[in-house]
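In what follows, a structure is listed as structure tokens, so that the remarks can point back to it.
The values are calculated or read from the model by the stated rules, or taken from the named source; none is laboratory data. Predicted model, so just to flag it, every value in this text is computed and none were measured. Ideal geometry is used to build each Cβ from the backbone, glycine not excepted, and the neighbour counts take in all protein chains shown. We work out accessible area using only protein heavy atoms, side chains counted, and drop any ligands, DNA or RNA first. Shrake-Rupley method; radii C 1.70, N 1.55, O 1.52, S 1.80 Å.
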Amino acid sequence: TEKIPGFEAFKANDEDPATSWRAASADDQWLEAAWVKPRTFRAVTISEVGNHITNYRLQIWKDNSWQDLLTGDTCGPERHHSFDPVTTSKCRLLLSRASKAPEISEFVIGRQ
């Protein structure tokens, strides 16, 4: 949500680890990136403040629906995922469960 002052979504992708996005609650929250033109990437890094996430999915927008790219149980301070290159106009981190409202300091979508 953009409704928590000081913890807006754009702060998870501002290259400043001192800022962060905070979810509104512990379950069924997401952080989404969208581009005007489709983008190809093969890696993401999720930097969580603390270690509260217990289930998540990385999804891409394909054929007019969200498709799971990968799933995980915990993130912690720096969780890196590499995979075969994908091309999409949207990518989201779906946080299915957490022990408390998760906070992401950086969500980096890259080519490495």
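Pairs needed: first member in the stretch 17-37, more than 14 Å from residue 100 (Cα to Cα) and of a type in the set (A, V, I, L, M); second member anywhere, open to solvent by 70 Å² or more (accessible area, probe 1.4 Å) and modelled with pLDDT of 90 or more; C-beta distance under 9 Å; at least 6 residues apart or different chains.
34/61
When the residues of the stretch 43-81 are narrowed to those that are among the charged types (D, E, K, R) and over 18 Å from residue 106 (Cβ atoms), which ends up surrounded by the most Cβ atoms within 10 Å (Cβ to Cβ)? Walk me through how you get there before you give the answer.
So the first thing to find is which residues in the stretch 43-81 are among the charged types (D, E, K, R), and the list is 48, 57, 62-63, 68, 73, 78-79.
Still in the running and over 18 Å from residue 106 (Cβ atoms): 57, 62-63, 68, 73.
Details: 57: 17, 62: 14, 63: 6, 68: 10, 73: 9.
For the stretch 43-81, the residue satisfying everything is 57.
Give me the residue from the stretch 82-112 that is basic (Lys, Arg) and surrounded by 13 or more Cβ atoms within 10 Å (Cβ to Cβ) and, out of that set, nearest to residue 9 (Cα to Cα).
Within the stretch 82-112, the subset basic (Lys, Arg) is 90, 92, 97, 100, 111.
If we keep only those that are surrounded by 13 or more Cβ atoms within 10 Å (Cβ to Cβ) as well, we get 90, 92, 97.
Details: 90: 15, 92: 12, 97: 18 Å.
My answer is 92.
I'm trying to understand the selection: among the residues of the stretch 1-42, which are at pLDDT below 90, in a strand (DSSP E or B) and open to solvent by less than 30 Å² (accessible area, probe 1.4 Å)?
The one that is at pLDDT below 90, in a strand (DSSP E or B) and open to solvent by less than 30 Å² (accessible area, probe 1.4 Å): 21.
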